[in-house]
Amino acid sequence: MGKREKTEEKKSWLPIVIVVIVVVAAVLIAVLVSLGGDSGDGDSDAALNTETETDDETLPAEDDETAEPELDDSDSDTEESVDTAESGDTEETPDAVDEGSSDTVSDSDGDSDAQGSTASQGTVETDSASEQEETAFSFPYTSSMDELKLIAVYNYSGYYIEDGSEDEIDSVAILEVTNLSDQVIEYATVTLTADGKELHFEVSLLPAGETVLVMEADKQSCSETASFGYGGSEIAYLSALDLCEDQVSISTDSGAVTVTNISGDDISELRLFYKNQLDTGEYVGGIAYTVKLEDLAAGESQTVYPSHFDPEYGVVMMVRVY
């Protein structure tokens, strides 16, 4: 009896022990599973953090090294280019923006008994300096349209010939100027300044490539070492000088000019335009003098003695038959 009771007593505790073991095992398994899940989440967070940190480090580097330096370089280049245009171009080319500011072309017909005047039949070109101030220069100087070369300014004492008066003058300014165009200058005016004083010169009937010595129109003097400025010019051109050789023949002798009518018809009026030319080739006096002949019958000759026609240097430049 005693042994049997003990055996039954053991059997009654066995299920309890098994249940306890199962519960403990389940708890252990749950704990292990929980620890394993936490470890996995930590790895994922670490991976995400790594990716985020990588993106944060890469994007600013692209902005700093690519976009900003390019903008800085572009701004720098633009500023340097503007400085060059404003300073270099302005300093080097005041003669191209200040001397060739306007060109005009016009035709006019007319005639005058005044010495130095001719009938304008060609184009007129204007080469004006800046409206604000004249273009400073030193001799020799070529105007902006390449039509005139200003060689020098001198002072002259003697007889004034530009208006035919032959008044005695002392130290009047003379401009030496060359016609650089391929046409005859029918009439031109040139304005200079000398230490701020305006000087005016007038030229007529100057062939292409020729040089003339022109006295200042108002008989003003100036220092040859003055600071000169170019105030502009206005020029009327002729294609050629016509001596009307199919209508008249001309001969000169010791200051006398003889004109013969060879046209076969009576000529009611004609005019001779003449200048004086030195042996060195320069014409003396800007103006061209005129002398008028009337009622020249066919085959007839007339001889005149123009008061300013030099026996040695006088040259008939052009003839007009009316």
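Would you confirm whether or not the stretch 146-157 contains a residue that is under 25 Å from the mean Cα position of the chain (by Cα), in a loop (DSSP other than H, G, I, E, B) and either among the aromatic types (F, W, Y) or farther than 24 Å from M318 by Cβ (or both)?
Checked the stretch 146-157: at least one residue is under 25 Å from the mean Cα position of the chain (by Cα), in a loop (DSSP other than H, G, I, E, B) and either among the aromatic types (F, W, Y) or farther than 24 Å from M318 by Cβ (or both).
Can you name the residue in the stretch 286-320 that is surrounded by fewer than 18 Cβ atoms within 10 Å (Cβ to Cβ) and aliphatic (A, V, I, L, M) and, of all such residues, is nearest to K275 (Cα to Cα)?
The residue in question is V315.
Restricting to the stretch 291-322, name every residue that is under 46 Å from the mean Cα position of the chain (by Cα) and hydrophobic (A, V, I, L, M, F, W, C).
Selection gives V291, F309, V315, V316, M317, M318, V319, V321.
Looking at (1) surrounded by 21 or more Cβ atoms within 10 Å (Cβ to Cβ); (2) over 20 Å from K275 (Cβ atoms); (3) under 29 Å from the mean Cα position of the chain (by Cα); (4) not basic (K, R), can you tell me which one E186 breaks?
Condition (2) is where E186 drops out.
Take the stretch 214-257 and flag every residue that is open to solvent by 40 Å² or more (accessible area, probe 1.4 Å), assigned to a strand (DSSP E or B) and touching a residue at least 12 places away in the same chain (Cβ under 8 Å).
Of everything in the stretch 214-257, those that are open to solvent by 40 Å² or more (accessible area, probe 1.4 Å), assigned to a strand (DSSP E or B) and touching a residue at least 12 places away in the same chain (Cβ under 8 Å) turn out to be E234, S249, I250, T252.
Inspect all residues belonging to the stretch 266-275 and state whether any of them is open to solvent by 30 Å² or more (accessible area, probe 1.4 Å), in contact (Cβ under 8 Å) with a residue 12 or more places away in the chain and at positive phi.
Checking the stretch 266-275: not a single residue is open to solvent by 30 Å² or more (accessible area, probe 1.4 Å), in contact (Cβ under 8 Å) with a residue 12 or more places away in the chain and at positive phi.
Considering only residues of the stretch 156-183 that are more than 21 Å from L206 (Cβ to Cβ) and of a type in the set (S, T, N, Q), which is surrounded by the most Cβ atoms within 10 Å (Cβ to Cβ)?
Once the filter is applied, the top-ranked residue is S171.
Exactly one condition in (1) open to solvent by 60 Å² or more (accessible area, probe 1.4 Å); (2) of a type in the set (G, A, S); (3) in contact with a Ser or Thr (Cβ under 6 Å, 6 or more places away or on another chain) is not met by S204; state its number.
(1) is the only condition that S204 fails.
This table checks each residue for (1) modelled with pLDDT of 95 or more; (2) in contact with a strand residue (DSSP E or B) (Cβ under 6 Å, 6 or more places away or on another chain); (3) not basic (K, R).
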{"site": "A226", "(1), (2), (3)": "no, yes, yes"}
{"site": "G231", "(1), (2), (3)": "no, yes, yes"}
{"site": "S249", "(1), (2), (3)": "yes, yes, yes"}
{"site": "S268", "(1), (2), (3)": "yes, no, yes"}
{"site": "S307", "(1), (2), (3)": "no, no, yes"}
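Give me the strands (runs of 3 or more DSSP E) completely within the stretch 275-322, filtered to those with at least 3 residues that are of a type outside the set (V, I, T), ordered by residue number.
283-296, 314-321
Looking at the stretch 168-183, which of its residues are more than 26 Å from the chain's Cα centre (by Cα) and in contact (Cβ under 8 Å) with a residue 24 or more places away in the chain?
Narrowing the stretch 168-183 to residues more than 26 Å from the chain's Cα centre (by Cα): 168-174.
Of everything in the stretch 168-183, those that are more than 26 Å from the chain's Cα centre (by Cα) and in contact (Cβ under 8 Å) with a residue 24 or more places away in the chain turn out to be I169, D170, S171, V172, A173, I174.
The values are calculated or read from the model by the stated rules, or taken from the named source; none is laboratory data. Keep in mind it's a predicted model, so treat the numbers as computed, not measured. A quick note on method: Cβ atoms are made from the backbone with ideal geometry, for glycine too, and the neighbour counts reach across all protein chains shown. Side chains are part of the model used for accessible areas, which takes the heavy atoms of the whole protein and leaves out ligands, DNA and RNA. Shrake-Rupley method; radii C 1.70, N 1.55, O 1.52, S 1.80 Å.
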